[in-house]
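This report concerns only the one structure given below.
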Amino acid sequence: MKRLALVIVMLVGALLLQAADDLPDWGKPDTPASVYLSPYYIQNSLADTAVPNFVTSLLGDYRGYDTMFETTVIFCAGITVLIILRRTPRRRPKEVPPRPEREGRDIILQTGARLLIPAMQIFALYVIAHGHHSPGGGFQGGVILGASFILLAMCYDLKAALGRLREKTVLICSAVGVMLYAGIGALCLAMGRNFLGYAALSRLLGTDEIMARSHGIFGVEIGVAITVMAIMFSLYIDLASGGDLDEGL
Amino acid sequence: MAWDASLLWQFDVLILLLVVICAVAALTIRDLVSCAVITGAYSFLMCLMWTEMLAVDVAFTEAAVGAGVSTVLILGTALHIKRRSKD
């Protein structure tokens with residue numbers, strides 16, 4: 001069976017390598033992808049949305065639906081892990097012996113984590129807020145923010161991390177992020193433009209339409225960050241404790 | 001030539017070589033915890049690869065998600081199941 005799998009993988013690999021030869025050269029300016037839509041985004045992003053990093057304006061504005069449903073996918077994935085793994089302690093079979101008590105935790109790890117976590121969180125906020133100008137944005141910032149809580153849970157224990165950020169808060173946050181994103185979209189709809197057409201927010205924000213699009217992108221980035229942060233932490237606490245949230249790794 | 005636009009083709013070749021080594025090692029090794037760590041290393045090399053291709057946003061995401069959080073998640077799961085894989 002393993003031989004057969006190897007042969008199939010080799011065949012498919014050879015086929016892919018063969019096909020890769022027909023792809024246009026990397027970075028070639030006259031490929032279909034580079035002549036059709038990309039030049040519009042590259043040339044007009046700053047004029048349309050006042051966002052210098054056109055990756056951010058592309059994700060947040062031009063393809064806002066795509067990012068919204070990506071956030072929804074992350075939300076659904078987190079909720080699915082929760083549904084499968086989470087169990088309340090009383091449903092646990094009684095005969096399972098309690099795990100042996102841990103030795104005292106490593107002081108180097110704990111001090112390192114204590115120094116690192118504030119820096120990580122500040123950096124995460126910077127990444128979210130500075131996504132308009134540099135690589136980054138809600139997704140990356142949210143992951144770093146979630147990772148800071150995961151670090152706390154790993155270097156101290158799960159209880160310490162859950163004391164800072166309760167499971168209930170995490171779950172509410174994960175839904176609030178998606179709702180913030182969709183809510184900004186619906187607000188645009190209520191103001192008489194398309195769903196996620198941030199230019200409609202200019203009257204609310206008291207700015208012109210270009211800056212309104214920039215602020216709208218920032219708003220949805222915050223929504224993405226909240227959801228991603230909450231789901232990453234939720235995934236960790238469920239996977240690391242096997243679903244009963246009593247003890248981590 | 002395909003590599004004209006990249007920064008340093010020798011660097012590319014080195015990274016790609018290490019990526020292949022990591023991928024093969026992750027498949028052949030039996031200890032799941034080592035496998036999780038190698039997967040993290042693989043992600044980090046891919047992050048270097050994205051940076052080489054000047055896709056800095058993708059590289060950032062790969063570093064945060066691939067090399068960071070998903071390694072931890074795989075590790076956390078691997079510690080809860082039987083540690084040695086049968087195949």
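Here, each number is a calculation from the coordinates, and none is a lab measurement. Model, not experiment: these values are computed from the prediction. So basically every Cβ, Gly included, is an ideal-geometry build from the backbone, and we count neighbours across all protein chains shown.
Only lysine pairs 8 or more places apart, or on different chains, with alpha-carbon atoms under 29 angstrom apart are counted in the protein assembly as shown, and they number 7.
According to the Kirkwood relation over distinct C-alpha pairs, the hydrodynamic radius of the range A:169-249 is 14.0 Å.
Computed over the Cα atoms of the range A:1-41, what is the convex hull's projected area averaged over all directions, in nm²?
Directional mean of the projected Cα hull area for the range A:1-41 stands at 4.1 nm².
The distance separating the Cα centre of the range A:1-30 from that of the range A:131-191 comes to 38 Å.
The mean number of Cβ atoms from other chains found within 10 Å of a Cβ in peptide A:133-146 is 4, as a whole number. Evaluated at q = 0.08, 0.11, 0.12 Å⁻¹, the base-10 log of the normalised Debye intensity for the protein assembly as shown, with identical point scatterers placed on the Cα atoms, takes the values -0.48, -0.89, -1.03. Within the range B:32-87, the ratio Rg/Rh, alpha carbon atoms throughout and Rh by Kirkwood, equals 1.10. One way to sum up the overall shape of the range A:109-236 is the equivalent ellipsoid from its Cα gyration tensor, whose semi-axes run 33, 16, 9 Å, largest first. Test of understanding: in a Gaussian network model of chain A with alpha carbons linked when under 10 Å, which of A:Val81, A:Val51, A:Val12 would top the mean-square fluctuation ranking? Looking only at A:Val81, A:Val51, A:Val12, the biggest GNM fluctuation is shown by A:Val12. Here's the picture: charge each Lys and Arg Cβ at +1 and each Asp and Glu Cβ at -1 in the range A:155-205, and of A:Tyr156, A:Val170, A:Ala200 the one pushed furthest to the positive end of that dipole is A:Ala200. Here the calculated FRET efficiency for A:Ile84 and B:Gln10, from their Cβ-Cβ distance with R0 = 41 Å, stands at 0.35, rounded to the nearest 0.05. Calculated translational diffusion coefficient of the range A:1-94 (37 °C, 0.692 mPa s; Stokes-Einstein with Kirkwood radius over alpha-carbon pairs) equals 176 µm²/s.
For the peptide A:232-238, the mean number of other protein chain Cβ atoms found within 10 angstrom of a residue's Cβ is 3. The mean count of C-beta atoms from other chains within 10 Å of the C-beta of residues in A:149-158, rounded to a whole number, is 1.
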